[in-house]
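**Student:** Once you've had a glance at the structure underneath, I'll fire off some questions.
The values are calculated or read from the model by the stated rules, or taken from the named source; none is laboratory data. The model shown is predicted, which means the values in this text are computed figures rather than measured ones. Cβ: placed from backbone, ideal geometry, glycine included. Neighbour counts: every protein chain shown. For the accessible areas, the whole protein counts, side chains as well, though only heavy atoms, and no ligand, DNA or RNA atoms are used. Shrake-Rupley method; radii C 1.70, N 1.55, O 1.52, S 1.80 Å.
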Amino acid sequence: MATLNLIQAINLAIDEQLGRNDKVVVYGEDVGVEGGVFRATQGLQKKYGKDRVFDAPIAESSIVGTAIGMAMNGMRPIVEIQFDGFVFPAYNQIVTQLARTRNRSRGNYTNPVVIRIPVGGGIKGLEHHSESLETYLGHIPGIKVVMPSTPYDAKGLLAAALESKDPVIFLEPKRIYRSGKQEVPEEHYTIEIGKAKVLKEGTDITVVGWGAQLREIQAAVKEVEAEGISVEVIDLRTINPIDTETIVESVKKTGRFLVVHEAMRTYGPGAELIAQVNEKAFLHLEAPATRLTGFDIVIPLARGEHHHMINKDQIVAEIKKIVAY
């Protein structure tokens, strides 16, 4: 076991794949010499050379477009979009090409590309540096979308993404890159994409979140449980495909549901999860299925972004409100 933070676990997963498969290449803006803005690829160019870990021009559409061509010809590209808000120039390639290759070729070609994107607020970034992209990306047929919340999950889910036959967008919650460490196996392992994890069992309410939001949820749960409220906590892990079964079975047990996410409210992931709960567990509900989300606004700049973020106290208040309904 190694004791790693989330960014170190990601680095280890990429290192492992580079060593296991000589078809793997890694590139993006400042990914080679500098090891990326957040140092996710630090030391890998020195270890594997400039032909396998290299810097790309500042052109996201080109980064993703070349990865599509590489993957269709037998390579396994891992590309980094430097910040979440920079992905939009590549959205055309992702939606119209990357996601549709298998369908368009009637299964003759796949596109095993992994796109890594640091996401979310919490680092006091500028505009286009703090976006929550779950809705934009989770809506695309043909793309798997993953967001880990712990170093252990980050390594296992990234390993699974890098071995998938289809494209995976790997969202990395940047504000927890270095906030806390965990024991992570140094040997190879994978975590199934599309499978949520029950972090804690409970009987009074089901609370679902993912990524950095799990930290706030767990802090809130600790407080309400001291007052006698039993909470079941689920880490969604995968935005698409959604593990509806795990969530529905939990809600059938607890009778109450809360989903918490940083992404904007309208058409956000919480709306889809509530729809699934209402369709499959409505008769078990003892209170309305509820969402606690970011606002429908452009993410505020550095000094104001905390107003957009969901904090422990808000979650505590919402849990108490639902349980008392």
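**Student:** Hand me the list of helices (runs of 4 or more DSSP H) wholly inside the stretch 83-151 holding 3 or more residues that are surrounded by fewer than 23 Cβ atoms within 10 Å (Cβ to Cβ) and of a type in the set (S, T, N, Q).
**Tutor:** On the way: elements: 91-96, 101-104, 134-138.
Helices (runs of 4 or more DSSP H) meeting the threshold: 91-96.
Here is a yes/no grid of residues against (1) closer than 20 Å to D243 by Cα; (2) at pLDDT below 95; (3) open to solvent by 10 Å² or more (accessible area, probe 1.4 Å):
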position: G156; (1), (2), (3): yes, no, no
position: P167; (1), (2), (3): yes, no, no
position: R175; (1), (2), (3): no, yes, yes
position: V184; (1), (2), (3): no, no, no
position: Y189; (1), (2), (3): no, no, yes
position: K195; (1), (2), (3): yes, no, yes
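**Student:** How many residues are open to solvent by less than 10 Å² (accessible area, probe 1.4 Å), under 25 Å from F295 (Cα atoms) and part of a loop (DSSP other than H, G, I, E, B) if we restrict to the stretch 244-271?
**Tutor:** 1
**Student:** Can you name the condition, by its number, that I229 falls short on among (1) buried (at least 18 other Cβ atoms within 10 Å of the Cβ); (2) touching a strand residue (DSSP E or B) at 6+ places or on another chain (Cβ under 6 Å)?
**Tutor:** (2)
**Student:** What do you reckon, is R237 open to solvent by 50 Å² or more (accessible area, probe 1.4 Å) and under 18 Å from the mean Cα position of the chain (by Cα)? Steps first, answer last, please.
**Tutor:** Details: open to solvent by 50 Å² or more (accessible area, probe 1.4 Å): no; under 18 Å from the mean Cα position of the chain (by Cα): yes.
No, not satisfied.
**Student:** Same structure again: For the stretch 177-211, give me the residue count where each residue is touching a Leu at 6+ places or on another chain (Cβ under 6 Å) and under 16 Å from P118 (Cβ atoms).
**Tutor:** Summing the residues that are touching a Leu at 6+ places or on another chain (Cβ under 6 Å) and under 16 Å from P118 (Cβ atoms) in the stretch 177-211 gives 2.
**Student:** Just checking, does the stretch 212-222 include any residue being assigned to a loop (DSSP other than H, G, I, E, B) and either under 30 Å from N111 (Cβ atoms) or open to solvent by 10 Å² or more (accessible area, probe 1.4 Å) (or both)?
**Tutor:** Our first condition is that a residue be assigned to a loop (DSSP other than H, G, I, E, B); within the stretch 212-222, this holds for 212.
Filter once more, so that each one left must be either under 30 Å from N111 (Cβ atoms) or open to solvent by 10 Å² or more (accessible area, probe 1.4 Å) (or both): 212.
Yes, there is a match, as at least one residue in the stretch 212-222 is assigned to a loop (DSSP other than H, G, I, E, B) and either under 30 Å from N111 (Cβ atoms) or open to solvent by 10 Å² or more (accessible area, probe 1.4 Å) (or both).
**Student:** Also, I was wondering about something else. Looking at G65, G43, G69, G49, can you tell me which residue is surrounded by fewer than 17 Cβ atoms within 10 Å (Cβ to Cβ) and closer than 23 Å to R104 by Cα?
**Tutor:** G69
**Student:** How many residues are touching a residue at least 60 places away in the same chain (Cβ under 8 Å), of a type outside the set (D, E, K, R) and in contact with a Gly (Cβ under 7 Å, 6 or more places away or on another chain) when one looks only at the stretch 110-147?
**Tutor:** Going through the stretch 110-147 one residue at a time, the tally reaches 6.
**Student:** Separate question: Collect the residues in the stretch 158-213 that are under 18 Å from the mean Cα position of the chain (by Cα) and among the β-branched types (V, I, T), keeping them in residue-number order.
**Tutor:** Within the stretch 158-213, V168, I169, I176, T190, I191, I193, V198, V207, V208 meet the criteria.
**Student:** Being part of a loop (DSSP other than H, G, I, E, B) and more than 15 Å from G268 (Cβ to Cβ) is the filter here; which residues of the stretch 299-310 pass it? Break it down stepwise before answering.
**Tutor:** Taking the stretch 299-310 as the starting set, the residues that turn out to be part of a loop (DSSP other than H, G, I, E, B) are 299-301, 308-310.
Once the filter is applied, which keeps residues that are part of a loop (DSSP other than H, G, I, E, B) and more than 15 Å from G268 (Cβ to Cβ), the stretch 299-310 yields P300, L301.
**Student:** Give the number of residues within the stretch 297-322 that are closer than 28 Å to R175 by Cα, modelled with pLDDT of 90 or more and open to solvent by 30 Å² or more (accessible area, probe 1.4 Å).
**Tutor:** 7
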